[in-house]
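Data block below; observations after.
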Amino acid sequence: MSGHPVPCTGHTTVNRRAKIPVSALVFLILFTLFLIAIATYTLKPGLEAATRPGVTPEEKRRLVAWYRLLLTVVLFILFAGLVLTMRIGRFFFPRPSSEGRTKTQYVDAWAESAKRVEVPADDEDDEP
């Protein structure tokens, strides 16, 4: 031990900025799994249906419209998820800073306890 006490500031040692990329990475991994599920269950059967012989141009237009809607929803989820994950709103709507900040006064605990201690009177002077 170095003999110097570590001041207790009430703050954790974890850097808050380090949490943002980790959460973004988790979101992107989950989003990738979501895209794989969409590709497996919707895009592949839709491509097979569009390339099947005897498909009319009207049916192809309906498939194209449906997949444009699907693409719009997926891109919206990606954009909204990244905005929420990266907390970009803090740049556009910052919290109001309080003008009247006061600095915390740290008092010496030993000096404060010395002010509060009650010392009994000496009885040695009263004895004959």
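Below is a table of values for the structure above.
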quantity	calculated
Among residues of region 26-49, those that are of a type outside the set (Ser, Thr, Tyr) and farther than 23 Å from residue 62 by Cβ, counted	9
Top-ranked residue in region 86-114 [being under 30 Å from residue 26 (Cα atoms) and of a type in the set (A, V, I, L, M); ranked as modelled with the lowest pLDDT]	88
Residue match in region 14-23 (condition: loosely packed, with under 10 Cβ neighbours inside 10 Å and either at pLDDT 85 or above or in a loop (DSSP other than H, G, I, E, B) (or both))	yes
Long-range neighbours under 9 Å by Cβ, at least six apart or interchain, first residue under 25 Å from residue 79 (Cβ atoms) and in contact (Cβ under 8 Å) with a residue 12 or more places away in the chain within region 32-50, second of a type in the set (Ser, Thr, Tyr) and in a helix (DSSP H, G or I)	42/67; 43/67; 46/67
Lone qualifier among 85, 42, 72 - being polar (S, T, N, Q) and more than 28 Å from the chain's Cα centre (by Cα)	42
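To keep it simple, each residue is scored yes or no on (1) of a type in the set (A, V, I, L, M); (2) surrounded by 11 or more Cβ atoms within 10 Å (Cβ to Cβ); (3) within 30 Å of residue 21 (Cβ to Cβ).
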position: 48; (1), (2), (3): no, no, no
position: 51; (1), (2), (3): no, no, no
position: 82; (1), (2), (3): yes, yes, yes
position: 107; (1), (2), (3): yes, no, no
position: 111; (1), (2), (3): yes, no, no
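The values are calculated or read from the model by the stated rules, or taken from the named source; none is laboratory data. Keep in mind it's a predicted model, so treat the numbers as computed, not measured. Positions of Cβ are backbone-derived with ideal geometry, glycine not excepted, and every protein chain shown enters the neighbour counts.
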